[in-house]
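One structure below.
Just so you know, all these numbers are worked out from the coordinates, no wet-lab data involved. Predicted, not measured: the structure shown is a model, and the values here were computed from it. FYI the Cβ positions are ideal-geometry reconstructions off the backbone, even for glycines, and counts take in every protein chain you see.
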Amino acid sequence: MLERQLYDYYRLDSDNIMYINDDIVVSAKGKLYLIRPSRSMINKKKFAEQLRMLEHLTVRGEFHLLIPVKAEGGNYVSLIDGQESVLFEIANDFSATPSVDTSIGRKLAQFHIRGEDYEPSFSSWQGVAWLAWQNRWIKRLEQLEGWFVKKQTDIHKTPADELFLLSFPYFLGMSENAIQMLTDMQLSHAFIIREGKGHTICHQRFEENTWLTLDSHHISLYKVPTDFIYDHLTRDIAEYIRYIATTSAPLFEKKKRIHLFLTRYSHVRVLETVDKTLLLARLCFPIHYYDAIEAFYQTIDSRKLNYLEEDMYRIINEADDYEAILNSVAAYCFPEGRSREIMPEWLLKKSSYASDHL
C-alpha cells in the first residue's frame, strides 16, 4: 500500500522503508526521504508559514534542513495511509557541517539566533507569544477543573480517578502560580510587550529526538519544517529541560544534563532576566501533567489505557524530583537568590541556593 502510494504520488520506487516513531524513512534510488504524517488536517496557512521559515533559515546559513517534495499535481500534502502527510528529502550534507561543538545547547542557541529577525505573516503567530501561553494555560486548567469536579461526584471511581483527584490540587497550585508569574510580567515589564524581544523560530515541542537522528554518528541533526513555530525562545529551552526532567534517570544525572545544556546555550546566546523569568514560568506550568491526564481521559483506544495510566502514575510519583529540578534551574538562573522574588516560596522550599546548585 505504502509503496504504491509513493509511486503514484512521487514516482518513487522504494528500496527500503524504516519506521522511526510516527515517521517513515524511505530509501529510493540512492536518496533518503522522510514521510511526516499529521495527526489532524494540515493547516495550509500554517504550513505555508513554515515553508517561509525554512527559506529564512536556509538564507541565514542553518544546516540540515529537510526540503519538502511536491507530489504529482504540484501539492506538498498527500494522503498516505489515511493521514495527510508531507514527504521531505533528506540531503546528504554532512560535509557542510561546521567543525564546532555539536552540543544540543549550542546548536539550539545558534538556531534561535538565525531565526530572531524572522517576521511572521501567519496571524496566529503575530504579537507577544508568551501572552498566548497564558490564555492556553487558563483553558487547559479550566478543563481539568471541570473533570476534577465531575470525578468527585462519580460513584464508581477507578484507581486512576483516585490518583487524579489526589494529585490535582498540587498541580493546580503550580498552574496558578505560573499564570500569576506571567501576569506579574505584564504589570512590571510593560516595555517587554512592546519590544517583543526573544521571539524567534522555535519548535512545537523541542525534545532530544525533535532533530532527527538517522545514525550514531549524526545525533540530533535534521530539522523538519513542520515542527517549526514562531514563539519566544524560552519555549524550546523549557520543553527540552522538561523532557530531561521527565526521563527515567537518577536525579543527579538529570540535573547535570540540564546544567550542561543551559551553560552551553548561554555561551552562544545570553539569557536576559526576562528570558529567565519566562523560562521559570513555563517550567512551573506542569504541561507534562496536563498531557498525561488529557491523554488518559480522552483516549478511545482501550489498548493504550494501561500505558497511559502508567505514564500518569510515573509523572505524579516523580513530582518531588521535578520540583527539585525546578528549584535548581531557579538557582542556576538567579544564583544570588533573586528567584525568591519571582517564584512562590512554597516551590522554593527545597532549594538551599548555597548547596543545591545544578
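For n ≥ 4 DSSP H runs only, could you compute -39500 (n - 2.57) per run for the chain, divide by its residues and tell me the 222 nm figure to the nearest 500?
Numbers: 12 runs with 180 residues, N = 358.
Calculated at 222 nm, the ellipticity per residue is -16500 deg cm²/dmol.
Over the range 2-99, what relative contact order in percent results from Cα pairs under 8 Å that are six or more residues apart?
Details: 132 pairs, mean separation 27.5, N = 98.
Result for the range 2-99 is 28 percent.
Can you order the peptides 144-153, 315-324 by their average number of other Cβ atoms within 10 Å per residue, highest first?
Working: 144-153: 12.6, 315-324: 16.9.
Those peptides, ordered most packed to least, come out 315-324, 144-153.
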ask   = Leaving out same-chain residues fewer than 8 places away, which aspartates and glutamates sit with a Cα under 17 Å from that of Lys255?
value = Glu207, Glu208, Glu239, Glu318, Asp320, Asp321, Glu323, Asp356
ask   = Considering only Tyr322, Asn75, Ala295, whose Cα is most displaced toward the positive end of the charge dipole of the chain, charges sitting on Cβ of Lys, Arg (+1) and Asp, Glu (-1)?
value = Asn75
key: Sequence-separation-based contact order of the range 176-311, relative, with Cα cut under 8 Å and 6+ spacing, percent   = 25 percent
query = Where both residues lie in the chain, what percent of DSSP beta bridges are antiparallel, nearest 5?
reply = 95 percent
remark   = Along principal axes, largest first, the alpha-carbon spread of the chain in whole Å comes out as 60, 53, 40
request  = Positive end of the charge dipole of the chain (Lys, Arg +1 and Asp, Glu -1 on Cβ, about the Cα centre): tell me which of Ile229, Leu57, Asn177 has its Cα farthest that way.
outcome  = Leu57
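Arrange the peptides 224-233, 53-62 so that the one whose residues have, on average, the most other Cβ atoms within 10 Å appears first. If you can, show how the numbers build up before the last one.
Working: 224-233: 22.5, 53-62: 16.3.
Ranked by mean Cβ neighbours within 10 Å, highest first: 224-233, 53-62.
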request  = Rank by packing, highest mean first: peptides 39-52, 280-293, with packing defined as the count of other Cβ atoms within 10 Å averaged across residues.
outcome  = 280-293, 39-52
request  = Note down, for the range 193-288, the three equivalent ellipsoid semi-axes (square root of 5 times each alpha carbon gyration tensor eigenvalue), biggest first, whole angstrom.
outcome  = 22, 18, 13
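Could you list, in their original order, any pairs among Lys70/Lys107; Lys107/Lys304; Lys45/Lys223 whose Cα atoms are separated by more than 31 Å?
On the way: Lys70/Lys107 29 Å; Lys107/Lys304 35 Å; Lys45/Lys223 20 Å.
Going by Cα-Cα distance, Lys107/Lys304 fall outside the 31 Å limit.
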key: Cβ charges +1 (Lys, Arg) and -1 (Asp, Glu), total dipole of the chain, debye   = 520 debye
key: For Ile90, distant residues with modelled amide H under 5 Å away   = Leu32, Tyr33, Leu34
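Taking Cα pairs under 8 Å and at least six residues apart, what relative contact order does the chain come out at, in percent? Walk me through the numbers before you get to the answer.
Values: 418 pairs, mean separation 56.0, N = 358.
It rounds to 16 percent for the chain.
Report the charge-dipole magnitude of the range 2-99 in Debye, nearest 20, computed about the Cα centre from +1 at each Lys and Arg Cβ and -1 at each Asp and Glu Cβ. Can you show the working numbers first?
Details: 12 positive and 14 negative charges, 71 e Å.
Roughly 340 debye, rounded to the nearest 20.
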task = Please name which of Cys333, Ile17, Asn43 has its Cα lying farthest along the dipole of the chain towards the positive end, using unit charges on Cβ (Lys, Arg +1; Asp, Glu -1) and the Cα centre as origin.
result = Cys333
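Based on a Kirkwood Rh over C-alpha pairs, give the Stokes-Einstein translational diffusion coefficient of the range 2-99 at 37 °C and viscosity 0.692 mPa s in µm²/s. Let's see the in-between values first.
Numbers: Rh = 14.4 Å.
My calculation gives 228 µm²/s for D.
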